[in-house]
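Encoded as structure tokens, the structure appears first; notes follow it.
The values are calculated or read from the model by the stated rules, or taken from the named source; none is laboratory data. As the structure is a prediction and not an experimental result, all values here were calculated from the model. Quick reminder, even Gly has a Cβ in these numbers, built from the backbone with ideal geometry, and neighbours come from all protein chains shown.
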């Protein structure tokens, strides 16, 4: 195998790994709802996640960090939106399943597309295409079906979970656009290192005010290391692998491949937690993923910022 083939094989290995890794954050968080409140989860997951990002930072040759107050100030809005997503999305898991949580999160694509159309003139021809509009319609039909709970028995907190997930999607769609602007002129991994550190600081506030950090002592070491390991893996290692595959394989293949993570989450949630996917709900999920594929397709040429799914 020549150097080019080895490099591409390594890129594929990184891409497959990150696709699988990013299918698991909600599964870890759902399993941990038995032991911790959402604020405690977010605190420790981002503590270890941010640490892993900073440990992985020296692996990159391009390390132009946000310098001075202005550079760090530019990362505050993305960090706020990222933190909002974490708070809403993890809290939603106390009401609905991990698969539904991830699938409904595809609404963030519509939010980021609308904001991009408004803010970035170069994206308007792509976002205004007929194919993109068809994708939006299919995605809306699919997510609407999931939101109203077609084909399943809804629990008393079902719509609370849906509302929290949609709020998380609004934050995440805004994050994708805000991060694109704030990362301009910086190495994406370095910029995300700053975002992850600010996010941890933000998430510390509700954890101290509303959470019960003492749960880590009462729950035992097993759940604690699962929480810490999932944060380091999904936030830290995931971003290292994502950017490595992006550098070797290009954005088109990477975006398309990682877009299937929610479907993997749904399948794994069904196997692990027994989350039901009766025919009508399954049809809505298929429409959601089909709409995702169509919506993502026109934007493949634009290199995205790091996108952590967890």
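Structure summary
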read-out	value
Single residue of 39, 35, 117, 95 found to be touching a helix residue (DSSP H, G or I) at 6+ places or on another chain (Cβ under 6 Å), more than 18 Å from residue 189 (Cα to Cα) and free of Cβ contacts under 8 Å to residues at least 24 places away in the same chain	117
Filter result for the condition that a residue is part of a helix (DSSP H, G or I) and over 25 Å from residue 73 (Cα atoms), over 197, 241	241
Hey, residue 149 more than 27 Å from residue 70 (Cβ to Cβ) and either touching a helix residue (DSSP H, G or I) at 6+ places or on another chain (Cβ under 9 Å) or at pLDDT below 90 (or both) or not	yes
Filter result for the condition that a residue is part of a helix (DSSP H, G or I), more than 23 Å from residue 233 (Cβ to Cβ) and modelled with pLDDT of 90 or more, over 20, 80	80
Condition check for residue 216: over 14 Å from the mean Cα position of the chain (by Cα), in a helix (DSSP H, G or I) and crowded, with 22+ Cβ neighbours inside 10 Å	no
Among (1) at pLDDT 90 or above; (2) loosely packed, with under 15 Cβ neighbours inside 10 Å, the one test that residue 278 misses	(1)
Single unsatisfied condition, residue 260 versus (1) within 17 Å of the chain's Cα centre (by Cα); (2) modelled with pLDDT of 90 or more; (3) surrounded by fewer than 21 Cβ atoms within 10 Å (Cβ to Cβ)	(2)
Unmet requirement for residue 65, which otherwise passes all of (1) at pLDDT 95 or above; (2) under 16 Å from residue 192 (Cβ atoms); (3) not in a helix (DSSP H, G or I)	(1)
Count of the range 221-246 residues which are over 16 Å from the mean Cα position of the chain (by Cα) and either touching a residue at least 40 places away in the same chain (Cβ under 8 Å) or crowded, with 17+ Cβ neighbours inside 10 Å (or both)	9
Single condition residue 205 does not satisfy, out of (1) crowded, with 21+ Cβ neighbours inside 10 Å; (2) without any contact (Cβ under 8 Å) to a residue 12 or more places away in the chain	(1)
